[in-house]
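Dropping the structure in here first, questions after.
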Amino acid sequence: MKSPRHRTEPLKQERSLRTRERIFLAALEDFSAHGYHGARIERIAARARANKQRIYAHFGSKADLFRDVLRQCLSEIGEQEGRLLRLGDGDRRRLGRTLLQHYMRFLAAHPHFWRMLAWENLEGGKHAGVLRGLRQRTFDHLRRLYRRGQQEGAYRADVSFETFIFALSAIAMFYFANQITMSQTLGLNLARPAVRARLIRECERLMGL
């Protein structure tokens, strides 16, 4: 028969995991809204219903917590990109269109992602090293498809895969990061689904996708 101590251990571990998850979600909210320098551990603790000591016990420091949140944000798109690994030779002529639509859907569903990246760039990229290599497997696969597409004339031979991905990512990131100001500048409501669909179609035409 198990002792009371043994029976309570799983409960303690479960509570600890729940506390850690609350801290993480509260940190994601605060960092994405205020950046690393603007976020406050006290505010994160209050939102997570945990004391500051619990935050340091689980994550080490504010910088470690930020890096963990930033890494997890990129891991999210990596998980979503798992479906892109199923793309094959029959998809390579539609690769640019597929990727642009994929990035637009992802950023619409995960606004904290582009906010975290925007803050990290604005604040000098001090923690960006944690992102290195997180999407390597997906990019290696897409690079092979792109190069085969170049060989058969679907894509320009003088445009690298890196520039191809950069341009597609830039369209999606700029759309969401600048949606409010560009709506005023262009006289369009970029938040409307019909306007977004039109913009995607016309970007595809512009890039020859």
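The values are calculated or read from the model by the stated rules, or taken from the named source; none is laboratory data. Only a predicted model underlies this, so the values are computations on that prediction, with no experimental measurement involved. Counting neighbours? That spans all protein chains shown, and the Cβs are built from the backbone with ideal geometry, glycine included.
Pick out the one residue from A154, A191 that is among the small types (G, A, S) and free of Cβ contacts under 8 Å to residues at least 40 places away in the same chain.
A191
Being modelled with pLDDT under 90 and charged (D, E, K, R): is that true of R156 here?
On the way: modelled with pLDDT under 90: no; charged (D, E, K, R): yes.
When the stated conditions are applied, R156 does not pass them.
Across the stretch 173-209, which residue is farthest from L100 (Cα to Cα) among those that are not in a helix (DSSP H, G or I) and not hydrophobic (A, V, I, L, M, F, W, C)? Steps first, please.
Quick first cut of the stretch 173-209, residues not in a helix (DSSP H, G or I) only: 178, 187-192, 208-209.
If we keep only those that are not hydrophobic (A, V, I, L, M, F, W, C) too, we end up with 178, 187, 189, 192, 208.
Details: N178: 17, G187: 23, N189: 20, R192: 18, G208: 12 Å.
Selected residue: G187.
Checking I44 against (1) assigned by TED's automatic domain parsing to the domain that holds M104; (2) surrounded by 14 or more Cβ atoms within 10 Å (Cβ to Cβ); (3) within 21 Å of H110 (Cβ to Cβ), only one condition comes out false. Which one?
Going through the list (1) assigned by TED's automatic domain parsing to the domain that holds M104; (2) surrounded by 14 or more Cβ atoms within 10 Å (Cβ to Cβ); (3) within 21 Å of H110 (Cβ to Cβ), I44 breaks only (1).
Give the number of residues within the stretch 167-188 that are of a type outside the set (G, A, S) and either surrounded by 12 or more Cβ atoms within 10 Å (Cβ to Cβ) or closer than 16 Å to F106 by Cβ (or both).
10
Another question, then. Please go through the stretch 88-145 and pick out each residue that is of a type outside the set (F, W, Y), in a helix (DSSP H, G or I), within 25 Å of F66 (Cβ to Cβ) and in contact with a Phe, Trp or Tyr (Cβ under 9 Å, 6 or more places away or on another chain).
L107, A108, P111, H112, R115, M116, E120
Looking for whichever is surrounded by 11 or more Cβ atoms within 10 Å (Cβ to Cβ) and closer than 21 Å to G78 by Cβ here; the options are Y146, Y155. Which one fits? If you could, list the steps in order and put the result at the bottom.
Details: Y155 fails: closer than 21 Å to G78 by Cβ.
Answer to the selection: Y146.
State which residue is farthest from L206 (Cα to Cα) when the search covers only the stretch 79-125 and only residues that are modelled with pLDDT under 85 and surrounded by fewer than 15 Cβ atoms within 10 Å (Cβ to Cβ).
G125
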